[in-house]
1. May I ask you to list the aspartates and glutamates whose Cα is less than 19 Å away from that of residue 285, ignoring any residue fewer than eight positions away on the same chain?
2. Per residue of the stretch 83-98, in order, report the coupling 6.51 cos²θ - 1.76 cosθ + 1.60 (Karplus, θ = phi - 60°) as ³J(HN,Hα) in whole Hz, putting x for Gly and Pro.
3. I'd like the distance between the alpha-carbon centres of the stretch 118-160 and the stretch 229-301, rounded to an integer number of Å.
4. Let me know the charge dipole size of the chain about its Cα centre in debye, to the nearest 20, where only the beta-carbon of Lys, Arg (+1) and Asp, Glu (-1) is charged.
5. May I ask you to give the average projected area over all directions of the convex hull of the Cα atoms of the chain, in nm² rounded to one decimal?
6. Would you work out what percent of the accessible area of the chain, with all protein chains in place, is carbon or sulfur (probe 1.4 Å)?
7. Ordering 172, 286, 134 from largest to smallest accessible area (1.4 angstrom probe), what's the sequence?
8. Quick one: Debye curve from the C-alpha atoms of the stretch 163-236, no solvent, what's log10 I(q)/I(0) at q = 0.20, 0.27 Å⁻¹?
Amino acid sequence: MQVYFAPLEGITGYVFRNAYAKYYGGVDKYFTPFISPHTKKLMDTREKRDILPENNQGLYIVPQVLTNKAEDLIDICKQLKEDYGYEEINLNLGCPSKTVTTKGKGSGFLEYPDQMEEFFDRFFKVADVKLSIKTRIGYWDVEEAERLFHLYERFPFEEIIIHPRLGCEMYKGTPHYEVFERYLERTKHSLCYNGDINSLEALQNLDSRWEKCDKFMLGRGLIARPGMLSNQEDRETFQKFHDEILEGYDAYMCGDRNTLFKMKELWSWWAVMFPGQEKTLKKIKKTNDLREYRLLIKDLS
Ligand SMILES: Cc1cc2nc3c(=O)[nH]c(=O)nc-3n(C[C@H](O)[C@H](O)[C@H](O)COP(=O)(O)O)c2cc1C
């Protein structure tokens with residue numbers, strides 16, 4: 001079985017990835033949060049820093065791109081290959097956020113299968129990198145899944161990562177496992193399943209349920225319980241992991257407030273690991289002082 005770390009914008013940047021790999025590991029591929037090509041320059045400073053090979057040593061990184069313009073994808077793939085050495089790129093067809101979908105990108109692109117077809121025709125005519133996609137199964141209705149299936153079968157994707165929800169469902173309800181299964185039974189592609197794998201047991205159950213699928217991508221579950229895959233859920237390892245992230249942010253962020261903001265974002269996921277310690281967790285959420293923050297973390301047991 002292969003395990004992939006899902007991209008989570010604002011969370012799984014290079015600081016997080018490196019700390020995770022150092023203290024936990026067991027992940028075959030790390031997907032970067034999406035890079036959104038801009039009109040003037042393809043990547044901004046933050047995006048470049050995230051994919052720089054020297055910031056990702058020893059990790060298998062797949063940069064992810066969010067666009068609905070074939071030319072932008074072609075240009076950014078060229079740059080990612082020539083300037084940074086990446087041979088495998090992922091296209092985001094899953095983001096359900098309104099700011100993205102209203103521009104016809106992410107899962108919003110799925111509403112326009114004709115344009116998607118044209119987009120991939122143009123891309124694959126000139127492509128010299130491996131392209132994978134991370135997709136939902138439609139935007140409004142599960143009926144859309146069939147059309148998308150046939151569309152995807154036409155192109156030589158490296159692999160297809162499927163989060164079997166609709167764009168309009170955001171993260172609500174249960175994934176449409178049956179739609180994933182229908183893809184799995186018939187496709188010529190190599191599929192990776194993504195969605196709601198929140199424990200090692202859940203991962204093992206899906207692995208034994210689907211003989212034809214041996215790739216799984218984990219996101220929120222692995223953020224909330226980083227030791228879940230390796231059964232390494234002790235306090236000391238978590239503290240070292242935490243400190244590595246804190247020092248990593250502190251090294252490049254301007255000012256304590258920004259570092260604290262990033263750490264607090266993580267605590268909205270980590271709080272579940274510390275039941276019954278709501279008082280300290282509340283203080284962590286409130287503090288604006290990095291010294292006090294460090295002391296509060298030590299209070300958690
Ligand atoms: C805060 C947040 C940010 C995300 N950012 C991205 C992103 O940049 N690119 C992407 O393809 N998916 C993104 N996702 C979706 C996840 O990669 C993943 O598909 C989703 O969370 C379902 O998997 P999970 O249940 O294992 O978390 C994001 C999800 C969340 C909650």
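The values are calculated or read from the model by the stated rules, or taken from the named source; none is laboratory data. Remember, predicted model here, so these are calculated numbers, not experimental data. Positions of Cβ are generated from backbone atoms using ideal geometry, with glycine treated the same way; all protein chains shown enter the neighbour counts. Just the protein is used for accessible areas: all its heavy atoms, side chains included, with ligands, DNA and RNA removed. Shrake-Rupley method; radii C 1.70, N 1.55, O 1.52, S 1.80 Å.
1. Hits, sequence-local ones excluded: 243, 247, 250, 256, 265, 299.
2. Along the stretch 83-98, the couplings run 8, 10, x, 7, 10, 10, 10, 10, 9, 7, 10, x, 4, x, 5, 4 Hz.
3. 39 Å
4. 980 debye
5. Answer in nm², one decimal: 15.7.
6. Answer for the chain: carbon and sulfur cover 49 percent of the accessible area.
7. Ranked list, largest accessible area first: 286, 172, 134.
8. -0.91, -1.33
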